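Values quoted throughout were computed directly from the atomic coordinates according to the rules given, and no laboratory measurement underlies them. Note that this is a predicted model, so its numbers are computed, not measured. Every residue, glycine among them, receives a Cβ derived from its backbone with ideal geometry; neighbour counts consider all protein chains shown.
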Amino acid sequence: MICLIGTILKERYYVIERIGHGGGGSLYLARDMELGIFRAVKEIPIIKKKEVMLMQRLDHPAIPKIVDCVETEEDCYLIMEYIKGQSLEEILCSEKNFSIQETLARGKEITRVLEYLHNRKPPVCYGDLKPDNLMISETGHLYLVDLGSAMFDHGKRKRICEGTKGYAAPEQYQGYLSPRSDIYALGKTMEKLCGKKKWQCFLYPEFFWFLFRCTRKQEKYRYLDMSAVQKRIQKLEIRYRTVTWRKRFLEAVAAGVLIGILFLTAGLLKREEFSVAISEVTDLYYEARQYPENSGERKKYCATAEKKLQDLSRNYREKEQQRRIELLLAWNAEFLDETEKAALYYENLLLYDAEYRVAYGEYGMFLLRIGQKEASQKLWKDYKKKEKTELLEEGESRNLKLWEEINEKK
């Protein structure tokens, strides 16, 4: 992308300086020579042209208006209303910390504009909510700026994650974006506004629980939609205006004990939940074995198992959970006689989890089963080298033990 400083777009907008970057391109300050006022010029990749045209239809007081558009062979340039003020990130950098009441007030403003976006047809997912993309004008009005990462939600689909680390929801790193991804980022943004006063959550346990609910790793455990989030914020505002400090302190002590118990229970429930989910997948294999190899029925069961495992992979991110899921995906592919796919699962597992001892035995025995003795021997040499340098963690399995016995006899 070229630098626009000094360029005149449409013989009208003189680009003065670059004032930011994000959402796939730069943001410039320009002067509208016809009206004598400042405009913001946002650089957007041409591949987003269709979405950009739809964005022009947005009309909300917290979204800078798009007044014009300039198109080249590679890029689009949005000519927008220029908001003079500071971003919330700049305000935070100036050592300003927001009180719980101020955080709730700003949070309510943000939910209103996000609810507007989510209620479009089709829904618009903002995708990169963070303090840096929230501007406070000189009159104190909040604006949601830089819609370069926004996309229309036509159902889940693969895409490149354009969110920001620390604010982007876990599913965005898997290539998915939904309105609930914005709820996650909202929770992270409100948490950031509390700054060094996060200890206040002890006195405001309901607010702490609200943030926890917004930022759950699994989408299904977050609030249903932005309307539900907004209603919860309004209830918290009313509660914190009417409850005395002494009563709040006593409630916080009791709530702290309860939250501790809930966290402990949540951990146990999550492990139990994962075990149940995995058993549902393995049950499919027992069903599949009733049918002949390469039969349509067997393939149907295995396809269902693969889809369930891929869903589990997005929802359960702990190392041991990911390992088990990846091994089952490999076994599932081998069960369908898709050896190349099975090998790919094993190789990915060893690539991103090189210290996982068990995976070497599983992959090594797989290679022997498909007649790849030389590849198995090469893997054995790599395994022994890592074992000698103590790069492998402890672990064992039936296939690992069998593979070691076969190779040590040679």
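Numbers below:
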{"item": "Paramagnetic label zone (point 7 Å from Cα along Cα-to-C-beta, Ile2; backbone N under 16 Å) in segment 26-50", "result": "26, 43-46"}
{"item": "Packing rank of 394-406, 116-128, where each peptide gets the mean count of other beta carbons within 10 Å, highest leading", "result": "116-128, 394-406"}
{"item": "Nitroxide proxy distance, nm - points 7 Å out along Cα→Cβ at Lys65 and Lys319", "result": "5.6 nm"}
{"item": "Ascending count of other beta-carbon atoms within 10 Å, so fewest first, for Thr139, Thr164", "result": "Thr139, Thr164"}
{"item": "Taking Val276, Val67 and counting other C-beta atoms within 10 Å, the order from fewest to most", "result": "Val276, Val67"}
{"item": "Too-long pairs where the Cα-Cα distance tops 28 Å, listed order kept, from Lys217/Lys308; Lys165/Lys300; Lys42/Lys121", "result": "Lys165/Lys300"}
